[in-house]
Amino acid sequence: MKEVVNGIYETNKMKVEIRENIVSKTFKKVGNYSKRYTREKTSLQRLSESSLFPKLVSFDDKTNNIKMSRIPGSQPESLSENQIDLLRQMVKSMHDAGVARHAIPIRDLLSSNDKELGMVDFERVTLKRFSFSPIWLIAKKVSNYHLCRLMKEHQSHLLSESEQIFLEKINKIRNTLQKIKHIKSKLKSLFS
Ligand SMILES: Nc1ncnc2c1ncn2[C@@H]1O[C@H](COP(=O)(O)OP(=O)(O)O)[C@@H](O)[C@H]1O
Ligand SMILES: [Mg+2]
């Protein structure tokens, strides 16, 4: 995984410059950069009411650059009960604002102490167009699943009974899909 060096995090797809109060994120013109840029910009616009996410400061559609407020702290090693509670609030605020994350990796969380938590990186999301869109309903389930996974890993006693059942059900589906994938690739290698 890439690291932040002297306030700069750079990959072949992205340049993130972390200054004292502002973070500048430029999407390099590779792959589906335009879609990822628009998703991140729209997510930040939709989440601007909440104090749990970075504030959108400015954007430039020509250079695919987004400037946002800096979330203090660094990647937490584990998540406290308080932080799990904040994470629940974040997922709820995102869904209320019409943003559903496809994953919640811990590298996209920041904290200065075990009472605080912030979240960054909104380029891999589904944006709600209308409430009963099947894609939107599935995307919400996916982000709830990732919330439950983090809860299970860090504070498993906070999972409600229905959340545990939901987590086990999705884990079973994922395992089955993985097995099918494995069998498919074995068959492919037999016939190639
Ligand atoms: N608003 C922000 N405040 C503080 N740190 C940030 C912010 N945005 C990004 N970062 C830091 O930069 C890293 C890379 O940014 P991110 O948006 O996750 O890029 P990528 O899409 O390449 O994963 C993050 O993991 C985080 O450490
Ligand atoms: Mg990231």
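The values are calculated or read from the model by the stated rules, or taken from the named source; none is laboratory data. Model, not experiment: these values are computed from the prediction. Cβ placement follows ideal geometry from the backbone for every residue including glycine, while neighbour counts extend to all protein chains displayed. To get the accessible areas, we keep the full protein, side chains included, count just its heavy atoms, and leave off ligands, DNA and RNA. Shrake-Rupley method; radii C 1.70, N 1.55, O 1.52, S 1.80 Å.
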Query raised in the report: What 222 nm value per residue comes from the helices of the chain, counting each DSSP H run with n ≥ 4 as -39,500 (n - 2.57) and dividing by all residues, nearest 500 deg cm²/dmol?
Result: -15000 deg cm²/dmol
Query raised in the report: If the convex hull of the alpha-carbon atoms of the chain is projected onto planes in all directions, what is the mean projected area in square nanometres?
Result: 13.4
Requested in this report: Please go through segment 31-106 and write out the GluC sites (Glu not before Pro) that DSSP classes as loop and that have at most 14 other C-beta atoms within 10 Å.
Outcome: Glu49, Glu77
Report task. State the answer as a single residue: which of Ser34, Phe53, Val125 lies farthest towards the positive end of the charge dipole of segment 34-128, with beta carbon charges of +1 for Lys and Arg and -1 for Asp and Glu, about the Cα centre. Result -> Ser34
Report summary line: So Val57 and Lys15, fully extended at 0.36 nm per residue minus their Cα-Cα distance, gain in nm 13.4 nm
Query raised in the report: Can you pick out the pairs among Lys25/Lys172; Lys67/Lys128; Lys28/Lys152 whose Cα atoms lie more than 28 Å from each other?
Result: Lys25/Lys172; Lys28/Lys152
**Report entry** Links that overshoot a 30 Å alpha carbon limit, given the list Lys35/Lys92; Lys92/Lys181; Lys29/Lys115
**Finding:** Lys92/Lys181; Lys29/Lys115
Report task. Give, rounded to the nearest 20 debye, the magnitude of the charge dipole that segment 134-189 has about its Cα centre when Lys and Arg contribute +1 at Cβ and Asp and Glu contribute -1 at Cβ. Result -> 540
Report summary line: In segment 81-191, taking the dipole from +1 charges on Lys and Arg beta carbons and -1 charges on Asp and Glu beta carbons about the Cα centre, the listed residue (Ser185, Val142, Phe166) farthest towards the positive end is Ser185
Report summary line: Expected sort for 119-131, 4-16, 55-67 on mean C-beta neighbours within 10 Å, highest first, is 119-131, 55-67, 4-16
Query raised in the report: Roughly what % of Cα-Cα distances in segment 93-180 sit above 21 Å, to the whole percent?
Result: 40
Requested in this report: Send over a whole-number figure in Å² for the accessible area per residue of the chain, probe 1.4 Å.
Outcome: 63
Query raised in the report: What list of ³J(HN,Hα) values in whole Hz, one per residue of segment 168-180 in order, does the Karplus curve 6.51 cos²θ - 1.76 cosθ + 1.60 (θ = phi - 60°) give from phi, with Gly and Pro shown as x?
Result: 5, 4, 5, 4, 4, 4, 4, 4, 4, 4, 5, 5, 4
Report summary line: Given 105-117, 163-175, the highest-first ranking by average Cβ count within 10 Å works out to 105-117, 163-175
Report summary line: Computed about the Cα centre, the charge dipole of the chain from +1 Lys/Arg and -1 Asp/Glu charges at the Cβ has a magnitude in debye, to the nearest 20, of 1280
Query - Mean projected area in nm² (Cα convex hull; one quarter of hull surface) for segment 39-90 - result: 4.5
